[in-house]
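Presented below is the structure to which this report refers.
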Amino acid sequence: MTIKTTHTAEVKELLEKVAGFHMEGGNERVKKIVHRFMSDVFQLIEDFDVTPEEFWTAVYYVGDLGKNGEASLLAPGLGMDKYLDIRMDAQDEAAGLAGGTPRTIEGPLYVAGAPLCESFARLDDGTDQSDEVMLLKGQVTDEDGTPLANAIVDVWHADAKGGYSYFDQSQSEYNLRRRIKTDENGRYVARSIIPSGYGCPPEGSTQALLNQLGRHGRRPAHIHFFISAPGHKHLTTQINLAGDEYTYDDFAFATRDELVVEARPVERSAEGEQYGVTGPVIEVEFDFQLVSTDKAELQARHERKRALEDAAVA
């Protein structure tokens with residue numbers, strides 16, 4: 001029999017004390033959020049008759065999650081990043097700022113301060129000649145199709161083994177990471193390699209929980225972008241390469257139909273040859289459309305902890 005205690009005067013008083021309602025000072029918004037959060041935790045314990053053993057297993061799980069740095073990996077795996085996107089899409093719709101290229105999740109692997117290049121960049125360091133050569137190209141425009149010169153295409157992706165530079169110490173500094181300033185026609189071009197999809201660490205905290213849910217922890221091959229231009233809403237997005245086994249089964253729920261792109265093998269690329277990219281290549285082309293706004297806070301990416309961001313700003 002489940003014992004009902006959450007609505008008793010004793011528990012209500014406890015929750016108010018936990019949230020610091022009886023104390024001067026502190027942050028009132030934080031107090032209200034903690035009160036709501038702990039009320040929901042207490043209610044969950046009651047509804048599911050959570051045992052002390054189960055409770056402490058969860059507590060130690062959170063501790064392990066912090067130790068191995070996987071909190072930012074678990075968040076998208078539990079749909080939190082996707083939910084924030086859903087909310088921001090709804091806010092844009094309500095504010096008349098909908099349209100343009102769809103946003104999708106940033107992920108936890110951005111590194112600030114990548115080298116800035118003019119219209120063309122080579123992303124890979126050329127150390128692995130066996131990787132498939134990719135020519136990544138496209139155009140940045142406003143919502144009316146007008147090209148945006150000097151827009152910044154901040155791009156990053158995994159290598160052919162699914163690893164990201166900085167986090168994978170075997171890779172060179174800023175490998176597969178660049179910022180590209182678009183030319184007078186709003187175009188950008190990059191030489192790189194075809195990235196691989198990857199999975200959560202098999203022995204990590206995220207995969208341990210996913211196993212309990214009967215879920216995999218795989219991501220499809222994808223390429224991340226920040227796109228920015230003065231007077232336009234900042235865009236955080238990523239494209240998925242069509243044909244990957246997990247394109248429509250991404251554990252992080254980041255796939256959107258409009259962001260699935262064909263990787264097209266060609267014997268020669270006329271545009272690539274202008275930049276010294278000769279021989280067979282795989283072309284990946286994607287155009288970005290930004291939405292105009294005069295709100296400065298919407299023209300910059302939202303604040304969160306990112307690798308080297310403070311150093312890059314300084």
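The values are calculated or read from the model by the stated rules, or taken from the named source; none is laboratory data. This is a predicted model, so every value here is computed, not measured. A quick note on method: Cβ atoms are made from the backbone with ideal geometry, for glycine too, and the neighbour counts reach across all protein chains shown.
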Selected residue [assigned by TED's automatic domain parsing to the domain that holds Asn175 and over 19 Å from the mean Cα position of the chain (by Cα)] from Ala58, Ala90, Ala114, Ala98: Ala98
Out of contact with any helix residue (DSSP H, G or I) (no Cβ under 8 Å at 6 or more places or on another chain), in the same structural domain as Leu290 (by TED's automatic domain parsing), at pLDDT 95 or above and not in a loop (DSSP other than H, G, I, E, B): does that describe Val140? yes
Taking the stated definitions as given, is Pro102 within 26 Å of Val291 (Cβ to Cβ) and either part of a helix (DSSP H, G or I) or among the aliphatic types (A, V, I, L, M) (or both)? no
For the structure I just gave you, tell me whether Asp64 is in a helix (DSSP H, G or I) and assigned by TED's automatic domain parsing to the domain that holds Gly217. no
Could you tell me which of the residues Asp249, Asp154, Asp183 is of a type in the set (D, E, K, R) and within 29 Å of Val62 (Cβ to Cβ)? Asp249
Would you confirm whether or not the stretch 77-93 contains a residue that is part of a strand (DSSP E or B) and of a type in the set (A, V, I, L, M, F, W, C)? no
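Answer with yes or no whether Gln207 is polar (S, T, N, Q) and more than 24 Å from Arg122 (Cβ to Cβ).
So Gln207 passes the test.
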The stretch 256-274 - residue that is under 30 Å from the mean Cα position of the chain (by Cα) and touching a residue at least 40 places away in the same chain (Cβ under 8 Å) and, of those, surrounded by the most Cβ atoms within 10 Å (Cβ to Cβ): Gly272
Filtering the stretch 106-151 for residues that are over 22 Å from Gly231 (Cβ atoms) and among the polar types (S, T, N, Q) leaves a count of 3
So, in the stretch 1-24, exactly how many residues are under 22 Å from Asp49 (Cβ atoms) and assigned to a loop (DSSP other than H, G, I, E, B)? 8
Quick check: is even one residue across the stretch 121-138 under 16 Å from the mean Cα position of the chain (by Cα) and either within 16 Å of Pro195 (Cα to Cα) or of a type in the set (Lys, Arg) (or both)? no
Elements of type strands (runs of 3 or more DSSP E) contained in the stretch 144-243, each with 1 or more residues being closer than 19 Å to Ala307 by Cα and outside the structural domain of Ser269 (by TED's automatic domain parsing): none
